[in-house]
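Below is one structure; the comments refer to it alone.
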Amino acid sequence: MDSKHAAPGRTPALPAFQPEDFARKVFRAPDYMRINARRLEHLATLGLPLNDRSVLEIGAGIGDLTTYFLDRGCSVTSVEPRTENCRIFSANMRERASTGYGGVIRCRLCRGDIDWIGRNLDETFDVVLGYGLLYHLEDPSAALEIIARRCCGVALIETCVSAGGGEAVNPVIEQAANPSQAYSGMGCRPTRLWLFNRLRALFAHVYVPRTQPAHDEFPLDWTQGTYGSRTRAIFVASRFVLDNPLLADA
């Protein structure tokens with residue numbers, strides 16, 4: 001029944017909601033694509049050992065960061081909890097395989113969250129990628145423990161953080177219906193000190209880049225004490241020493 005012929009006194013039914021369409025709109029928004037571009041161009045400048053590695057990508061979304069590692073000869077295990085994101089991810093990978101990579105993409109997709117990884121993945125990986133992950137989790141400490149158990153090399157962490165010199169997790173409510181936000185509806189905004197100290201308890205070596213992505217959500221000066229409404233930081237945790245002038249260990 002169209003709106004012209006709707007029954008008197010009743011609101012016409014809305015078209016059926018398509019989660020995949022909404023997810024595409026979210027992940028293809030200009031601000032989202034911009035920050036991904038800045039993240040990856042910055043990662044490429046750090047000179048980290050990321051070629052020809054096994055990679056665990058947690059919170060893969062629709063695969064916007066995945067090809068960074070595929071292009072470097074890596075085999076990638078991507079984990080994503082949302083069905084609609086997984087469908088788009090799979091479609092994207094099929095399209096990419098048809099236009100490159102010799103028709104074969106060394107990537108497997110697993111539908112699951114961070115807890116699923118803890119229960120179901122026994123293998124370890126050279127690289128664990130957690131870009132845009134922790135601040136969408138209710139229990140970031142447990143997530144870091146799972147990351148540490150699955151990592152035999154380098155863990156790359158990028159997350160929103162809160163201002164302050166102390167240690168705090170700072171829980172926040174997020175929109176569970178938004179495919180780019182917390183699957184559980186609860187996230188957090190930990191302080192940099194909290195995150196740094198948790199990583200140091202799990203990894204022998206923890207670093208912060210001396211440079212930052214060219215984006216206003218990544219401050220260079222952390223001495224001011226207050227930042228914008230959304231502020232991000234990058235951490236590199238490693239099982240071995242990274243002799244790299246672009247990384248600071250404090």
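The values are calculated or read from the model by the stated rules, or taken from the named source; none is laboratory data. Keep in mind it's a predicted model, so treat the numbers as computed, not measured. A quick note on method: Cβ atoms are made from the backbone with ideal geometry, for glycine too, and the neighbour counts reach across all protein chains shown. When the accessible area is computed, the model is the full protein with side chains, heavy atoms only, and any ligands, DNA or RNA have been set aside. Shrake-Rupley method; radii C 1.70, N 1.55, O 1.52, S 1.80 Å.
Restricting the stretch 22-53 to residues that are polar (S, T, N, Q) and open to solvent by 30 Å² or more (accessible area, probe 1.4 Å) leaves a set whose member that is nearest to Gly153 (Cα to Cα) is Asn51. Taking the conditions (1) without any contact (Cβ under 8 Å) to a residue 12 or more places away in the chain; (2) open to solvent by 40 Å² or more (accessible area, probe 1.4 Å) in turn, Gly100 satisfies each one other than (2). If you go through the stretch 17-55 and keep only what is among the small types (Gly, Ala, Ser), over 21 Å from Ser75 (Cα atoms) and not in a helix (DSSP H, G or I), you end up with just Ala29. Might you check whether a residue that is in contact with a helix residue (DSSP H, G or I) (Cβ under 8 Å, 6 or more places away or on another chain), within 18 Å of Asp115 (Cβ to Cβ) and either open to solvent by less than 10 Å² (accessible area, probe 1.4 Å) or in contact (Cβ under 8 Å) with a residue 12 or more places away in the chain (or both) occurs anywhere in the stretch 214-227? So far as the stretch 214-227 goes, no, none of its residues is in contact with a helix residue (DSSP H, G or I) (Cβ under 8 Å, 6 or more places away or on another chain), within 18 Å of Asp115 (Cβ to Cβ) and either open to solvent by less than 10 Å² (accessible area, probe 1.4 Å) or in contact (Cβ under 8 Å) with a residue 12 or more places away in the chain (or both). Residues in the stretch 189-201 that are of a type outside the set (Gly, Ala, Ser) and surrounded by fewer than 17 Cβ atoms within 10 Å (Cβ to Cβ): Leu193, Asn197, Arg200.
All of Thr83, Thr124, Thr77 fail the test of being within 17 Å of the chain's Cα centre (by Cα) and open to solvent by 40 Å² or more (accessible area, probe 1.4 Å), apart from Thr83. Can we say Ala168 is in contact (Cβ under 8 Å) with a residue 40 or more places away in the chain, over 11 Å from the mean Cα position of the chain (by Cα) and surrounded by fewer than 19 Cβ atoms within 10 Å (Cβ to Cβ)? For Ala168, the condition - in contact (Cβ under 8 Å) with a residue 40 or more places away in the chain, over 11 Å from the mean Cα position of the chain (by Cα) and surrounded by fewer than 19 Cβ atoms within 10 Å (Cβ to Cβ) - is not met. Selection of helices (runs of 4 or more DSSP H) fully inside the stretch 62-137 by the criterion of at least 2 residues being within 26 Å of Gln175 (Cα to Cα) returns 83-99, 114-120. Looking only at residues in the stretch 202-213 that are of a type in the set (Val, Ile, Thr) and open to solvent by less than 40 Å² (accessible area, probe 1.4 Å), the one that is nearest to the chain's Cα centre (by Cα) is Val208. When every residue of the stretch 139-153 is checked against the conditions, none turns out to be touching a Leu at 6+ places or on another chain (Cβ under 9 Å), open to solvent by 30 Å² or more (accessible area, probe 1.4 Å), in a strand (DSSP E or B) and modelled with pLDDT of 95 or more.
Selection within the stretch 1-20: residues that are among the charged types (D, E, K, R) and open to solvent by less than 90 Å² (accessible area, probe 1.4 Å). The member of this set that is modelled with the lowest pLDDT is Asp2.
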